[in-house]
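**Q** I am attaching a structure below and will ask some questions about it afterwards.
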DNA sequence: TTGTATGCGTTATCAC
DNA sequence: GTGATAACGCATACAA
C-alpha cells in the first residue's frame with residue numbers, strides 16, 4: 001500500500017502507471033478476471049463484469065505491461081521489420097503499410113535497418129535486438145544475411161519473408177526486369193543492356209532483374225544484354241557508356257536498376273552528344289520525384305506499395321493466426337507495378 | 001528441475017535461453033552475485049569470482065532478459081529514435097550514427113517514423129510504443145508534435161532533442177539558410193528568393209531557413225527574398241518561376257529547401273529559355289546523389305552527419321550518465337556543413 | 001565477499 | 001463464473 005496508483009492527483013507527471021491490480025480493485029474483481037477480460041476471453045463472464053472491467057481499465061488508462069507479459073509468455077508482442085539499406089524513396093510508405101498490418105494482428109511494429117557496409121555490426125545489432133526483445137516475429141524485406149536467418153531459426157524466432165508455405169510467391173524482381181525489357185522492345189529498341197549500380201553493396205536486387213532481362217532477350221532471340229556498372233558520378237558514367245557503345249551500336253536501350261542509374265546514363269548520353277531517347281533509351285525503377293522534374297522526364301516503373309507488399313502481408317497473417325486469410329489476396333506483378341511513360345524511351 | 005538449460009543437447013534449436021540462475025549454478029555462486037557482476041558492480045568481488053561468472057555467462061551464451069529487467073526496473077533499455085517524414089537521402093546514415101551512440105551508452109536503439117499525413121495515427125503509435133516498451137528515452141529529430149512531447153512528459157519518459165540544459169544548441173536550420181544566402185551573394189547575385197516545397201507537410205525546416213535568408217537580406221540591405229512555393233512537377237514549377245520573374249527580374253538566385261526543389265527550378269528555367277546559372281541560380285541542401293549526375297551539376301550544402309548530430313549525441317550522453325562528456329564537442333555550423341560548388345551558381 | 005528474500009506485472013492452472 | 005496462487009527472470013536491500 002506504499003504507492004497509490006493515482007495518488008497525488010497529478011501535479012502533471014510522474015504518476016505510476018496503472019497495473020492490473022489497480023484495475024481489479026477498481027472493478028471489484030480479481031487480477032485473473034481482469035487478465036481474462038482484457039484478453040478477450042469473455043465467453044465465461046457475465047456481461048456486467050466484462051463491462052465493469054473494461055470501464056475501469058479505460059478510466060485508469062491501463063495498458064498491459066509489455067515487460068510482465070513478455071516475461072510470462074517467453075516472447076514479446078513486437079514484430080521487427082528489417083529493411084535493407086537500399087534507399088528507395090518510399091521506404092517510409094513501406095514502413096507505414098507494414099506497420100499498420102502488424103497492428104491489425106494485435107502486435108507492435110519496430111523498425112530495424114540493415115547496414116551492408118558493416119555487415120557484422122548489423123548482424124550483431126539484430127541479434128542483440130532479437131535476444132533482448134524476443135519479438136514474436138521478424139519480417140525480412142531483404143536486409144537479412146543467411147547467417148542472420150540461421151540465427152533466427154536457432155533461437156526459434158518466427159521469420160516472415162513472403163516465401164511462406166503454399167502460394168508460390170510472386171517474384172517481383174524478375175517481373176520488374178521483364179517489364180522493363182518488354183517495354184523497351186515494344187518501343188522498338190533492338191539492342192538491350194542492363195544498368196547496375198557500380199557499388200554492388202547498394203544493389204540487392206540488381207542481379208535478379210538483370211537475369212530477367214537476359215531471359216527475355218534469349219526468348220526473343222535478341223543479343224544478350226550488355227551489363228553496365230554505372231558509377232554515380234558524371235565522368236565515370238560517361239566512361240562506362242563510352243566504352244559500351246562501340247560494342248552495341250545505337251540505338252541502345254538500357255533497363256536500369258533504379259531511377260538514379262537511368263538519370264546518370266541519360267546525362268552521360270547528352271554529354272556525349274547523343275540524343276535521348278533516339279540514340280539512348282533508359283527506363284528506371286522507383287518513380288522517384290527527381291525523375292519527374294527533369295527534361296527529358298524519366299520513363300520508369302512505379303510500385304503500388306500495398307499491393308507489392310501483399311505477399312508479405314499474407315505471410316504475416318498466416319504466421320499469426322490467419323484470421324484475415326480470406327480478405328487477403330496476393331497481387332500479381334501486373335497489379336503491383338506499372339510503367340510510367342516519360343520521355344526517355 | 002523440470003527443464004534443463006542445455007538439456008537435449010541441441011538438435012539445432014528450441015533450447016530454452018540460459019537464465020541468470022543457470023549462470024549462477026555454472027559459476028558456483030548465487031544469482032545475486034551474477035547480477036552484480038554482470039552489471040559491472042565488480043568492486044566488491046574477488047577477481048576470480050568475477051572471471052568465473054563472466055566465463056560462465058559467455059559459455060552459456062547468457063543474455064539478460066529484457067523482460068525481467070524491464071519489469072523490475074520500471075523501464076526498458078530501449079531508446080526510441082523518432083524521425084520526421086522528411087526524406088533526406090541519408091536518413092539511414094543518421095540512424096546509423098545515432099544507433100551506435102545509443103549502444104555506446106549501453107542502450108538499444110529502436111526506430112520510429114513520423115507520418116505527418118496521419119498525425120493522429122502516428123501519435124497513437126508512438127504513444128502505444130512508449131506505453132508498452134517503456135523506453136529509457138526518446139530522441140526527437142523533428143518528428144514530434146507538441147502534443148507528443150506533452151505526453152512524454154506526462155508519463156515521465158526522458159526526451160532528448162539537443163535543446164538540453166546548458167550549451168546553447170546550434171541552430172542548424174538558421175545556419176543553413178544563412179550559408180545559402182551568403183554563398184549566393186558572394187557569387188554576385190543581387191536578388192535572392194527562397195524556394196519552399198509547395199506541400200508544407202513535407203517541409204518541417206523550411207520556414208526557419210527562409211527566415212535566415214530574409215534576415216541576411218535585411219542585414220545586407222537587399223530586397224527581402226520572394227517566397228516561391230515549388231510543386232514537384234514540371235508544369236507547376238514552371239508556372240511558379242514564370243510568375244516570380246517579372247517581380248524580381250534576372251538574374252535571380254534561389255536558396256532552396258532541398259536539392260529536389262533546386263532541380264525543379266533549374267529545369268523550369270531551362271524550359272523557359274533561361275540560362276542556368278546566368279539568369280537563374282539555385283542552391284539546394286542535401287548533396288543528394290541525383291544532383292551530381294545531372295548537367296548542370298547542382299550547387300548544394302552537404303552535411304557532415306556525425307558532426308551535425310553532435311548536439312544530440314551530447315544531449316544523449318548528458319541524459320544517461322554523461323560518462324563521455326569530455327570527449328564530446330558540439331560542432332559549429334561551419335564544421336557541420338559545407339558548400340558543394342556545382343554549376344548552378 | 002557472498003547469499004537470502006522479496007517484488008516487479010502478467011498469465012495459466014486449478015480450486016471453488 | 002470467479003478467485004487464489006504459482007511461476008516467469010531479474011535487481012536489490014539486507015543479512016550473514
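**Q** Report, in deg cm²/dmol and to the nearest 500, the calculated mean residue ellipticity at 222 nm for chain B, where each DSSP H run with n ≥ 4 adds -39500 (n - 2.57) and the sum is divided by the residue count.
**A** Here the helix-only value at 222 nm equals -13000 deg cm²/dmol.
**Q** Next question. To check you understand DSSP bridge types, tell me what percent of the beta bridges within segment A:253-345 (both residues inside) are antiparallel, rounded to 5.
**A** Bridges in segment A:253-345 that DSSP calls antiparallel: roughly 50 percent.
**Q** A further question follows. Could you state the per residue volume, in Å³, of the convex hull enclosing the Cα atoms of chain B?
**A** Expressed per residue, the convex hull around the Cα atoms of chain B is 185 Å³.
**Q** log10 I(q)/I(0), Debye, Cα-only segment A:42-99, no solvent, q = 0.20, 0.22 Å⁻¹?
**A** -0.89, -0.93
**Q** Could you give P(r) for segment A:20-62, binned at 5 Å from zero, as whole percent values over all Cα-Cα pairs?
**A** 5, 30, 41, 20, 4
**Q** Also, I was wondering about something else. Quick check: convex hull of the Cα atoms in segment A:177-233, volume per residue, rounded to a whole Å³?
**A** Each residue corresponds to 76 Å³ of Cα convex hull volume.
**Q** Let me ask something additional. Which of A:263, A:197, A:274 moves the most in a Gaussian network model of chain A with Cα springs under 10 Å?
**A** Sorting by GNM fluctuation, first place goes to A:274.
**Q** Which residue fluctuates most in the GNM of chain A (Cα springs below 10 Å): A:181, A:212, A:66?
**A** Looking only at A:181, A:212, A:66, the biggest GNM fluctuation is shown by A:66.
**Q** Sticking with this one: Measuring from label point to label point, each 7 Å out along Cα→Cβ, what is the residue A:218 to residue A:271 span in nm?
**A** In this crude label model, residue A:218 to residue A:271 measures out at 3.6 nm.
**Q** From the gyration tensor of the Cα coordinates in segment B:103-256, what semi-axes in whole Å does the equivalent ellipsoid have, largest first, with each one equal to sqrt(5λ)?
**A** Equivalent ellipsoid of segment B:103-256: 38, 20, 11 Å, largest first.
**Q** Between 0 and 90 degrees, rounded to the nearest ten: what's the tilt of helix B:91-104 against the longest Cα principal axis of chain B?
**A** Its long axis makes an angle of about 30 degrees.
**Q** Something else now. How large is Rg over Rh for segment A:263-345, taking Rg from the Cα atoms and Rh as the Kirkwood inverse mean of 1/r across Cα pairs?
**A** 1.24
**Q** Which residue, A:50, A:155, A:79, tops the fluctuation ranking in a GNM of chain A built on C-alpha contacts under 10 Å?
**A** Ranking A:50, A:155, A:79 by mean-square fluctuation puts A:50 first.
**Q** Still on this structure, I have one more. Roughly how compact is the protein assembly as shown, stated as its Cα Rg over 2.2 N^0.38 Å to two decimals?
**A** After normalising by residue count via 2.2 N^0.38 Å, the value is 1.08.
**Q** Additional query: How much of the DSSP beta bridge set in the protein assembly as shown is antiparallel, as a percent to the nearest 5?
**A** Percent antiparallel among DSSP bridges in the protein assembly as shown is about 15.
**Q** Based on the alpha carbon coordinates of segment A:172-304, what radius of gyration and maximum Cα-Cα distance (Dmax) apply, in Å?
**A** So, for segment A:172-304, Rg and Dmax equal 13.1, 38 Å respectively.
**Q** Can you sort B:43, B:335 from fewest to most other Cβ atoms within 10 Å of each residue's own Cβ?
**A** With the sparsest Cβ surroundings first, the list reads B:43, B:335.
**Q** Taking every residue in B:286-294, how many Cβ atoms of other protein chains lie within 10 Å of its Cβ, on average?
**A** The per-residue average across the peptide is 6.
**Q** For helix A:310-319, what angle does its Cα long axis make with the longest principal axis of chain A, in degrees from 0 to 90 and rounded to 10?
**A** Between helix and principal axis, roughly 30 degrees.
**Q** Another question about this same structure. Put a dot 7 Å past each Cα toward the Cβ at residue B:233 and residue B:199; how far apart are the dots in nm?
**A** 1.1
**Q** What is the mean projected area of the alpha carbon convex hull for segment B:240-309, to one decimal in square nanometres?
**A** 4.9
**Q** Can you give the average number of partner chain beta-carbon atoms within 10 Å of each beta-carbon in peptide A:126-139, as a whole number?
**A** Counting Cβ atoms of other protein chains within 10 Å of each residue's Cβ and averaging gives 3.
**Q** What gaps in nm, shortest first, separate residue B:325 from its twins in the other copies when you place the label 7 Å past Cα toward the beta carbon?
**A** Sorted ascending, the copy-to-copy spacings read 6.0 nm.
**Q** What list do you get for A:62, B:85 if you sort them by fewest beta carbons within 10 Å?
**A** Lowest to highest Cβ neighbour count: B:85, A:62.
**Q** Helix B:172-186 versus the longest principal axis of chain B: what angle, 0 to 90°, nearest 10, using Cα atoms?
**A** 30
**Q** Any idea what the residue B:47 label distances to the other copies are, label 7 Å down the Cα→Cβ vector, nm, shortest first?
**A** 7.4
**Q** Another question about this same structure. Treating only the Cα positions of segment B:104-147 as identical point scatterers, give the base-10 log of I(q)/I(0) from the Debye formula at each q in 0.14, 0.21, 0.24, 0.32 Å⁻¹.
**A** -0.34, -0.73, -0.92, -1.37
Readers should treat all values here as calculations from the given coordinates under stated rules, not as data from a laboratory. Values in this document were obtained by computation on a predicted structure and should not be read as measured data. With ideal geometry, Cβ positions are generated from the backbone for all residues, glycine too; neighbour counts draw on all protein chains shown.
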